[in-house]
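Here's the structure we're looking at; comments come further down.
No value in this document is a laboratory result; all are computed from the given coordinates. Remember, it's a predicted structure, so these values are computed and weren't measured experimentally. Ideal geometry is used to build each Cβ from the backbone, glycine not excepted, and the neighbour counts take in all protein chains shown.
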Amino acid sequence: MVTSTQNGDALLRTAGLTAFYGDFQALYGVDVTVGSGEIVALIGANGAGKSTFLKSVAGLLRSRPEQIVYRGESIGALPASRVVGHGIALVPEGRRLFASLSVEENLLLGGYAKRPGRWNLDAVYALFPVLKERRHHPGTALSGGQQQMVAIGRALMSNPDLLMCDELSLGLAPVVVREIYAALPSIVGDGMSALIVEQDVQLARRVSSRFYCFQEGRVSLSGASAEVSDEAITQAYFGVAA
C-alpha cells in the first residue's frame, strides 16, 4: 500500500542520511519519512543507529542540508537551537534533566523558543499531575518515571509539531511505562507527529502506525506496524538471513 508519506506529503523526510562520530560512521544512507499526525517507531538492537538518527534530526549531529527535509525545507546543517524553533523536539535517552534546577525550572527551559501552541505549564501539569505537586523539587530528586515525565513535558513546552522520544521505557518499571505511554494519545491528539525509539518491539508496534527497523546503521525493514510478521522483524532486527 502506498502511503501519503511515500507520495511526498511528508512532515519529515531523510534522504540518504549519513552520520559520523569522528572517523566512525554510524549511519549509512538512511531513508525515513514521517507524515503529519503520524506515530512512527524506530526499533533495532543497541548500537543499530536509532539514537544517532534522532540526534541527527535534532541538529546535535550535523548532516548535509539536503539529507534532512522538514516541511519541504532542507535543515540538515542547522544547529539544534534552530531546529527546535522549526518545531522539532527531542526527549533524550536518560532524561538529561538539570540537577541544579527544580521541576518547574526544567520545564520552563523547554519554552525558550516561544513557539505558539497549547502546551504551557498548566497543560503539562494537567497531563502529569504529580509534577505540579513536586514542581519545586529538584528535577533529579524524582523517581525515574517522574523524571521521564519532566523530560517529556520540557519537550512539549516548545510546542513541537514533531516529538522525538528516545527510549521512554528505559530503566522503568512496567507499570510506569504503561502510565507514560497512556499519555501518548493526549499528546498527539491535536495532530502532532511522533518518532519513537523503543527497545520493546511489541510495545513499539502497538503505539505506532509504521516502523523502521535499524541494523548496523541501515534500515533493514520497514512497514505497517500491524501487518509485518514477527518472523520478518526478528530477521531484520538480528540480521538473520531469511
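Take 136-146, 104-114, 85-95 and order them by the average number of nearby Cβ atoms within 10 Å per residue, most first; the result is 85-95, 104-114, 136-146. With a cut-off of 8 Å between alpha carbons and a minimum separation of six or more residues, what is the relative contact order of the chain in percent? The normalised contact order for the chain reaches 25 percent.
Note that the chain carries a Kirkwood radius of 18.2 Å, evaluated over its alpha carbons pair by pair.
Most tightly packed first, judged by the mean number of other beta-carbon atoms within 10 Å of their residues, the peptides 224-231, 59-66 read 59-66, 224-231. Along each principal axis, taking the top coordinate minus the bottom one, the Cα set of the range 163-242 gives 39, 29, 22 Å in descending order.
Considering helices alone, the calculated mean residue ellipticity of the chain at 222 nm is -8500 deg cm²/dmol, with DSSP H runs of length four and up weighted by -39500 (n - 2.57) and normalised per residue. Counted over the range 122-242, the DSSP beta bridges are approximately 55% antiparallel. Computed over the range 150-207, the percent of Cα pairs more than 15 Å apart is 47.
For Phe98 and Glu73, the difference between the fully extended length at 0.36 nm per residue and the C-alpha to C-alpha distance is 5.8 nm.
Centroid-to-centroid, using Cα positions, the range 210-242 and the range 161-186 are 22 Å apart.
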